[in-house]
Amino acid sequence: YQRRVRGTILLLFENMASKRSILVFEATSKEGFGVAEALSKDYNDLFEVFAFVRDTDSELAKELVNQFGVKLIKGDIESEQDVKRALKDKYGAFVDLDYWTLGFEGEIETGKKIAKAAKEANIKHLVFSYLDHVELITDGKFKIRQYDSKGLIGKEIKSLGLPYTFAKYSFYYENLYEASGAPRIDDSGNYLFSYPLRDKRLAMCPARDAGRAVAKIFKLGEEYIGKEVGLAGSFLTGEEISQIFSKTTGLKSMYIDLPDTDANMGKDLWQFKREYETRYEDWVNQTKLLHPGILSFEDWLKTTKFCQ
């Protein structure tokens, strides 16, 4: 009996030692939370998950600990010392940076700092939430600062020779809950989806559910080193977004094609999307290779307040 107990304890320690430690920056963002959750739920036997958070007492941080067994690391993502401390002895890291908090120069500085620290820590797999370097790929025709900042960080990651994967999240379904993307309601009770898409399609994804695709990237490891992966669950026109919304929720809706000058986040963004988003048509297939059950827009709506 004592030998069996000792053997069980030894096996537990061996399993713990064989797990690869993954650090998630920032783990209470939409993307970060989804990745930390998926790594813990889908691959608990493979990975030990650490969440880098500013506030360990936030509701989301507590949920990561209590629901998914994630270990918290408190720190300031702009602190080089905190970042280095968090990356020590980790196998891999997922990095999601918030342009709207850090600003253009701040995001670039923070991203480069993390990349350098990851190189020094000998990180074996860095998955970076990336956006196209728009100024570069359009030869200066368009400049979108929240894209170009991530593009410049990606350039730094490559130059350092880090083993990377770039995860390219598309337009979040969750934006429908927020001021910048939420549909207005007119006097007749119609939900108004207003974007300057013309007849073009928009790649869209559930930010939290897409974390399961990123978790699979960590599992597959070498197969995805050096690759860019588009993440999307649907690829829809504005009219299709409205039609699916009405069909699924039973609520009236309309699509309004805005002029670029009236759109949130600037005309360059929407012109870029119309001219280049057609290249993203395969993103749904790329995502389904990693997460076959990625939520479509219709399936995601069924989980929301719109259907309650």
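The values are calculated or read from the model by the stated rules, or taken from the named source; none is laboratory data. Since we're looking at a predicted model, the values are computed, not measured. Reconstructed Cβ throughout: ideal geometry from the backbone, glycine too, with neighbour counts over all protein chains shown. Surface areas here come from the heavy atoms of the whole protein model, side chains and all, with no ligands, DNA or RNA. Shrake-Rupley method; radii C 1.70, N 1.55, O 1.52, S 1.80 Å.
Against the conditions (1) more than 22 Å from G221 (Cβ to Cβ); (2) touching an Asp or Glu at 6+ places or on another chain (Cβ under 7 Å); (3) buried (at least 17 other Cβ atoms within 10 Å of the Cβ); (4) of a type outside the set (V, I, T), A115 satisfies every one except (1).
Residues that are of a type outside the set (G, A, S), surrounded by 16 or more Cβ atoms within 10 Å (Cβ to Cβ) and within 22 Å of the chain's Cα centre (by Cα) do occur in region 238-247, at least one of them.
Each row is one residue, and each column tells you yes or no for (1) surrounded by fewer than 22 Cβ atoms within 10 Å (Cβ to Cβ); (2) not in a helix (DSSP H, G or I).
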site: I73; (1), (2): yes, yes
site: K90; (1), (2): yes, yes
site: T110; (1), (2): no, no
site: D139; (1), (2): yes, yes
site: Q146; (1), (2): yes, no
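Residue check: S159 meets all listed conditions (1) touching a helix residue (DSSP H, G or I) at 6+ places or on another chain (Cβ under 8 Å); (2) hydroxyl-bearing (S, T, Y); (3) surrounded by fewer than 18 Cβ atoms within 10 Å (Cβ to Cβ) but one, namely (1). You will find that of L251, L197, the residue that is more than 18 Å from the chain's Cα centre (by Cα), more than 30 Å from Y91 (Cα to Cα) and surrounded by fewer than 17 Cβ atoms within 10 Å (Cβ to Cβ) is L251 and no other.
With a requirement of 2 or more residues that are touching a Ser or Thr at 6+ places or on another chain (Cβ under 6 Å) and either at negative phi or among the charged types (D, E, K, R) (or both), the strands (runs of 3 or more DSSP E) lying completely within region 209-286 that satisfy it span 227-231, 253-257.
Looking at region 173-193, which of its residues are of a type in the set (A, V, I, L, M, F, W, C) and open to solvent by less than 20 Å² (accessible area, probe 1.4 Å)? If the condition is that a residue be of a type in the set (A, V, I, L, M, F, W, C) and open to solvent by less than 20 Å² (accessible area, probe 1.4 Å), then L176, L192, F193 are the ones that fit.
Given the criteria outside any strand (DSSP E or B) and either in contact with a Leu (Cβ under 7 Å, 6 or more places away or on another chain) or surrounded by 19 or more Cβ atoms within 10 Å (Cβ to Cβ) (or both), does L60 qualify?
When the stated conditions are applied, L60 does not pass them.
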